[in-house]
1. Given the condition part of a helix (DSSP H, G or I), modelled with pLDDT of 85 or more and touching a strand residue (DSSP E or B) at 6+ places or on another chain (Cβ under 8 Å), answer yes or no: does some residue in the range 97-105 qualify?
2. Sort out for me the strands (runs of 3 or more DSSP E) sitting completely within the range 131-200 that have 1 or more residues that are hydroxyl-bearing (Ser, Thr, Tyr) and in contact with a helix residue (DSSP H, G or I) (Cβ under 7 Å, 6 or more places away or on another chain).
3. Please count how many residues of the range 10-33 are aliphatic (A, V, I, L, M) and within 19 Å of the chain's Cα centre (by Cα).
4. Has the range 38-53 got any residue that is under 24 Å from residue 222 (Cβ atoms) and touching a residue at least 60 places away in the same chain (Cβ under 8 Å)?
5. Could you look through the range 146-171, keep only residues that are closer than 19 Å to residue 65 by Cα, aliphatic (A, V, I, L, M) and in contact with a strand residue (DSSP E or B) (Cβ under 7 Å, 6 or more places away or on another chain), and pick out the one that is surrounded by the fewest Cβ atoms within 10 Å (Cβ to Cβ)?
6. Got a sec? Which of 31, 77 is closer than 25 Å to residue 160 by Cβ, in contact with a strand residue (DSSP E or B) (Cβ under 9 Å, 6 or more places away or on another chain) and of a type in the set (Phe, Trp, Tyr)?
7. Restricting the search to the range 89-98, which residues are crowded, with 16+ Cβ neighbours inside 10 Å and closer than 16 Å to residue 126 by Cβ?
8. Considering only residues of the range 206-234 that are at pLDDT 90 or above and part of a loop (DSSP other than H, G, I, E, B), which is surrounded by the most Cβ atoms within 10 Å (Cβ to Cβ)?
Amino acid sequence: MACSDLDYAYLREIVLSQSANRIDPSRNALFDTRLTPIVRMAGARNLKDFVSMLKSDRPAHLYRAVAEAMTINETSFFRDLKPFEMLRKSILPRLIEQRKVERRLRIWSAASSTGQEAYSVAMLIVEHFPELAGWDVKILGTDISRYVVEYAQMARYRRLEVNRGLPARMLLKYMIRDGDEWVVSAQVRSMCEFRSVNLCAPLPTLPEFDLVMLRNVLLYFTQQDRTSLFREVYRKIAPDGYLVLGNAEQAEDSTDLFEVEFAVNCYCYRPVAG
């Protein structure tokens, strides 16, 4: 039995309340594919029965499972090359100069999905900034989905995943083949850690970051949630740090806490002095 429009609306509301991810009704079909494992796990016969189960019992763990399944976003290594060029040519050299006394860098991949962005930044640093070998450099990747966090922690990717965006030279240099899969090298893995964090809830205790990558996630948030998130990020970023957004995302429509530093095919911001 197929779900009704009201059933899909109920599922969209669950995702919105749990993760602030607003799903357009045109994408209702995603529920049918992404929730299939959860429907089976819950013992429901089909998605409609599963919705009835959610409405009657309101089990918190299934609510979260629905939100996590629907917020798994597509990603790839070195996704959108322009931000990584900006890191290599401008942002990282500036940060290295600013932190040459402390010899410490903290970077946050705030919507890291299955980890490719965090590992891409680590590869970029190892490849182009060998002077940081003796520094204390840590990259934190966070995502609301515990499944993708665990996936990132394994640092193991299928052939299709490494073929998307990762140059062959860097593949051979920073990943190790294991059968049909590729494993991130120990050198790159040692720089990265991953945690489950909901960007639309009060953020947990986090260090002060020199660079925050907040890309390709704001488009799913309401105006209110974007404003709240920028306020939280402002509290977590160093006064002379950098915030990098996605190609189609801007901060000006949501906050007055950041000002544009660069805007060439992607947006980089600096915190406004408090």
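The values are calculated or read from the model by the stated rules, or taken from the named source; none is laboratory data. Quantities reported herein were computed from a predicted structural model and do not represent experimental measurements. Here the Cβ positions follow ideal geometry from the backbone for every residue, glycine too, while neighbour counts run over all protein chains shown.
1. Scanning the range 97-105 turns up at least one residue that is part of a helix (DSSP H, G or I), modelled with pLDDT of 85 or more and touching a strand residue (DSSP E or B) at 6+ places or on another chain (Cβ under 8 Å).
2. Result: 192-196.
3. So the count comes out to 4.
4. No.
5. 149
6. 77
7. 92, 95, 96
8. 206
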